[in-house]
Each structure stands twice: as C-alpha cells, then as structure tokens.
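Engineer: Here you go, one structure.
The values are calculated or read from the model by the stated rules, or taken from the named source; none is laboratory data. All values derive from a computational prediction rather than experimental measurement. Note that we place each Cβ from the backbone using ideal geometry, even for glycine, and neighbour counts take in every protein chain shown. The protein model used for the area step is the full one, side chains on, heavy atoms only, and it has no ligands, DNA or RNA in it. Shrake-Rupley method; radii C 1.70, N 1.55, O 1.52, S 1.80 Å.
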Amino acid sequence: AHPSPDAPSSTPIHTPLRIGVLAPEFPPMVGGMAELARGLAQSLAGSGDEIILYTRPTHGLDDAPFEERRVLSALPGDSLPELAADEPRVDLWLAMNAGLTPLAKGLRRPFFAYFHGNDFVNPFLACGPAWLERLRRPYAATVRHALRRRAIAAALPRARGLFTNSHQTAALITDRFGVDRGRIQVAYPGVADVFFQPPGTERDDDGPLRLLTVSRLSRHSRRKNVDGVLETVAQLMPRVPIRYTIVGDGDDRERLEALARQLGIDDAVTFTGAVEVDELLAAYRRADLFVMASKASDKDVEGFGIVYTEAAAGGVPSICSREGGATDAVVDGRNGILILDSSPPSIAAGIERFLAERDRFTAESARDFAEAFRWPNIAAGLRRGLVEALVD
C-alpha cells in the first residue's frame, strides 16, 4: 500500500496500535460482512491492539473485548463530528464498508477502507446528501447508486490504503475505479475456531450423497444460485441417490420450496431455516459435499464466500463456480472442485467428478487448506499491512 498524495507524511505508531474500526454491519446483524468485522476486531484486540469499534445504535456485543461506540448513523456523514472529536484517541481508521470511504475527506488520521464487492459495485450504504437518500421517485435508486459510486471514487485518493477480501475483488476495484493495484492488499475473511471440527461419524459412503448449501435465501442474493443446485439434483436423482440440505432463511425461501415441489424432489430436499451454531456444525459434519455455484453480474458479485472455508475447516470439500468470483476460497483438487460456470450441467459435472474421485478429496486436505484462514493468521497479516502503509 502507498500513502495518498495529501495524506499525512508521517504518523506516530503506537504499540499497541490504536485502531478505530468503523463497522455499520456488525452482530447481532447476520451475514458475512458482520462476521468479518467481529472476527477482525476480536482478533486484533486479542493480540493486544486497542480497538474502538464504531457501529450502529442497534448493533454491538454484550461481552466485547474492546470499547464500543454505537454512534454510526444511517447517514454515516452525520456521524462525522463525533468521529472527528474522537480522533486523538486513535492512530488510524479502518472502515469495513466501501461506502464509508467518503468519511476520509473529513478525518485527519490515516484512513483505510476494506472493500467487499457489492458495497462498491452496487453500493447499499448511504453516502450521498440527505435529500438524495430520501428520494423515492422511480429512477431514484439508479441515481443514488451512481452518485454513491462517484462519492467513493472521489474519496479514494484520501485513503492511505485499501484492503479487500479476494484477488477477484481487487481486480474489480482496479477496473471500476482505476486504482493502482499496488495500493490494494488482499486480506481474506477468517474462519472461527469453532468450525475446525473432526469429520462426523454421520457420513456414510454407502448411503445417498449428502449435499449441503448454507446461504441467506434472499430475493436480492439470487447469485447464490440455489435454483441451479435444485435443478441439478432433479437431473441426477434418477441415477444418483441424493439428500440435499439447505441451511438459511429469507424472503426467497417460499419460492425455492415451491421449485423443489415442482421438480418433484421435495422428499429429497430439506430446508432447515436459520439455525444455531451447534446445528450448523452438525450439518457440516453430516455433509459429503458443500455446493454453492454462485453466478455474478455487473451489479451482484460474490466477493469471497466464507462458507467454503468454513466447510473446509470441517473437512468438507466444496463445489464452486469460476463464474461467481469466489475462486480464492477453493483450490481445485485440494479443498474442492472449480466448475466452469453456474449452469446445472456444469454443477452436475462437478458432482459426478467428486463421485469418481472421492478418495482424492480427503477431510485432512480440506482442513489443512483452511488452517491459513484461522482468525489470528488473518488479523496478523492485515495488521502488517497497516503498519507497512503507515511507515511507507
């Protein structure tokens, strides 16, 4: 990473670092961005850094090992006075959503931003003037997204450095904003220790093939392509006994359940809804193969896909589409299979390859791959990137 031309030329580096983490997505909110912010803040605090976490009034942890300031507004710019007043308490800012980048223009401490994918491809965090964000005319959403992207682009020169969740996302940043690739560092999402578990005794190589998908079932996240897996199961069922479990809930679940009935496979498909961690871990233990063949568009991308590495931590190989953009999370032949695209024929070919080469995809190989994604390793790498940028 390289400092921006108008950033401070030097910054005192305290040991430990004093980091202001700006996280509008944070538990109890669910989702990958919220879990990433929690895991990173906890790991940095656990290694001795002083963390002040800034989040929304409704978010936060009851037992956080760091200070929480629940002051972020739905219009983050409205929070700028409070953040500026706190600046003497921090050495740097780390914003966990691309839409917060415009705050860099109003803050003096070195500002780093973490980009995920859809947070800049199709920005959902308000960063425009209040009147624009409240506009409700038919074309307003298109205008808002365009002006949010412009606001992010205009603030990028003020950022000391950028982090992103994958090489695919880094390439998108370069393509969309023209940012020098040398300013972007990849810092993968981490995997919590709880997901590192031995293979379950529930697996039975002689029984039906047990497929698993873990995903929010949202109308706005159809890139997850649960439809495609259901269609694939219907194609394979006449010759391959399959039991398919879908963990997750959302406003698209009813449609997907109807599709399973329409395809005549509802007896072989289980929709569990949202589950607690113990039930999720049990689902991984029972699974033979994790399947999420995401598809990407100009407005909807899969930045990384933490579920692939969570599956690997439990010894479960995955099928991942090259089309979806999550290829950093699956190495073909090591912790899973990369298929050409998200179509049912391609998914079917991947499943058939797994059946033919099943002995190759061992639980040990998958878990060894996931070791690099343990949170202490991820946090240490990101911290090194921060320090290098501060002294550069």
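Engineer: Would you work out the relative contact order for segment 297-392, in percent, from Cα pairs under 8 angstrom that are 6 or more residues apart?
Structural biologist: Computed over segment 297-392, the figure is 28 percent.
Engineer: Something else about it: In terms of modelled amide H atoms, which long-range or inter-chain residues lie less than 5 Å from the amide H of Gly60?
Structural biologist: The answer is Met29.
Engineer: In nm, to one decimal, how far is the modelled label at Arg255 from the one at Ala349, with both set 7 Å along Cα→Cβ?
Structural biologist: Simple spin-label model gives 2.8 nm for this pair.
Engineer: Over segment 155-195, what relative contact order in percent results from Cα pairs under 8 Å that are six or more residues apart?
Structural biologist: RCO, segment 155-195: 46 percent.
Engineer: Considering only protein heavy atoms, what is the solvent-accessible area of Met29 at a probe of 1.4 Å, reported in Å² to the nearest 10?
Structural biologist: Near enough 80 Å² of accessible area.
Engineer: If you rank Thr245, Thr213 by how much accessible surface each has, with a 1.4 Å probe, what is the order from largest down?
Structural biologist: Thr245, Thr213
Engineer: What does the C-alpha gyration tensor say about the overall shape of segment 224-324? Classify as rounded when a/c is under 1.5, otherwise prolate if a/b is larger than b/c, or oblate.
Structural biologist: rounded
Engineer: Shifting gears a bit: For Lys295, Lys105, give the ranking by accessible area with the largest first, probe 1.4 Å.
Structural biologist: Putting Lys295, Lys105 in descending order of accessible area: Lys105, Lys295.
Engineer: Let me ask something else. Just want to confirm a number: the relative contact order over segment 333-383, from Cα pairs under 8 angstrom separated by 6+ residues, in percent.
Structural biologist: 40 percent
Engineer: With +1 on each Lys and Arg Cβ and -1 on each Asp and Glu Cβ, and nothing else charged, work out how big the dipole of the chain is about its Cα centre, in Debye to the nearest 20.
Structural biologist: So the magnitude is around 1440 debye.
Engineer: Right, something else. With Rg and Dmax of the Cα atoms in Å in mind, check (1) 21.6, 67; (2) 24.1, 108; (3) 23.6, 85 and report the label derived from this structure.
Structural biologist: The listed entry that was calculated here is (1).
Engineer: Checking the a/c ratio against 1.5 first, then a/b against b/c, what shape does the Cα gyration tensor give for segment 257-298?
Structural biologist: It comes out oblate by the Cα gyration axes.
Engineer: Same structure again: What whole-number value in Å² describes the accessible area per residue of segment 43-94 for a 1.4 Å probe?
Structural biologist: Per-residue value: 44 Å².
Engineer: Measure off 7 Å from each Cα along the Cα-to-Cβ vector at Asp278 and Ala154, then give the distance between these two points in nanometres to one decimal.
Structural biologist: Roughly 5.3 nm, to one decimal.
Engineer: Carbon and sulfur atoms: what percent of the 1.4 Å accessible area of segment 236-338 do they account for?
Structural biologist: Summing carbon and sulfur atoms, their accessible area is 44 percent of the total for segment 236-338.
Engineer: List the residues, sorted by chain then number, that are 5 or more residues from Gly336 or on another chain and whose placed amide H is less than 5 Å from its amide H.
Structural biologist: Result for Gly336 returns Ser318, Val331.
Engineer: Report the gain in length on full extension from Thr362 to Asp78: 0.36 nm times residue separation, minus Cα-Cα distance, nm rounded to one decimal.
Structural biologist: 97.1 nm
Engineer: Against the longest alpha carbon principal axis of the chain, how many degrees, from 0 to 90 and to the nearest 10, is the axis of helix 32-46 turned?
Structural biologist: Helix 32-46 sits at roughly 60 degrees to that axis.
Engineer: Between Ala171 and Arg89, with labels modelled 7 Å along Cα→Cβ, what's the label distance in nm to one decimal, could you check?
Structural biologist: 4.2 nm
Engineer: Taking a probe of 1.4 angstrom, what is the accessible area of His167 in Å², to the nearest 10?
Structural biologist: Around 100 Å² of this residue is reachable by solvent.
Engineer: Accessible surface of Glu35 in the full protein assembly, 1.4 angstrom probe, to the nearest 10 Å²?
Structural biologist: Looks like 80 Å² after rounding.
Engineer: Out of the total accessible area of segment 67-183 (probe 1.4 Å, heavy atoms of protein only), what percent is carbon and sulfur?
Structural biologist: Of the solvent-accessible surface of segment 67-183, carbon and sulfur hold 54 percent.
Engineer: Ordered by residue, what ³J(HN,Hα) values in Hz, to whole numbers, does segment 351-361 give under the Karplus form 6.51 cos²θ - 1.76 cosθ + 1.60, where θ = phi - 60° and Gly and Pro are x?
Structural biologist: Working through the residues one at a time gives 5, 5, 5, 4, 5, 6, 10, 3, 5, 6, 9 Hz.
Engineer: Given the C-alpha centroids of segment 68-100 and segment 232-262, what is the distance between them in whole angstrom?
Structural biologist: About 43 Å separates the Cα centre of segment 68-100 from the one of segment 232-262.
Engineer: Measure nothing but the geometry: give the 0 to 90° angle between the long axis through the Cα atoms of 167-177 and the longest principal axis through the Cα atoms of the chain, rounded to 10°.
Structural biologist: 50 degrees
Engineer: Which order do you get for Arg322, Arg134, Arg367 if you rank them by accessible area with a 1.4 Å probe, largest at the top?
Structural biologist: Ranked from most to least accessible, the order is Arg134, Arg322, Arg367.
Engineer: When the chain is treated as a GNM, springs tying every alpha-carbon pair under 10 Å, which of Ala41, Ala154, Ala366 comes out with the largest mean-square fluctuation?
Structural biologist: So, out of Ala41, Ala154, Ala366, the one fluctuating most is Ala154.
Engineer: Now for a separate question. Accessible area per residue for segment 259-392 in Å², computed with a 1.4 Å probe and the full protein assembly in place, what is it?
Structural biologist: 40 Å²
Engineer: Also: Write down the percent of antiparallel bridges among all DSSP beta bridges whose residues are both part of the chain, to the nearest 5.
Structural biologist: Percentage antiparallel, nearest 5: 5.
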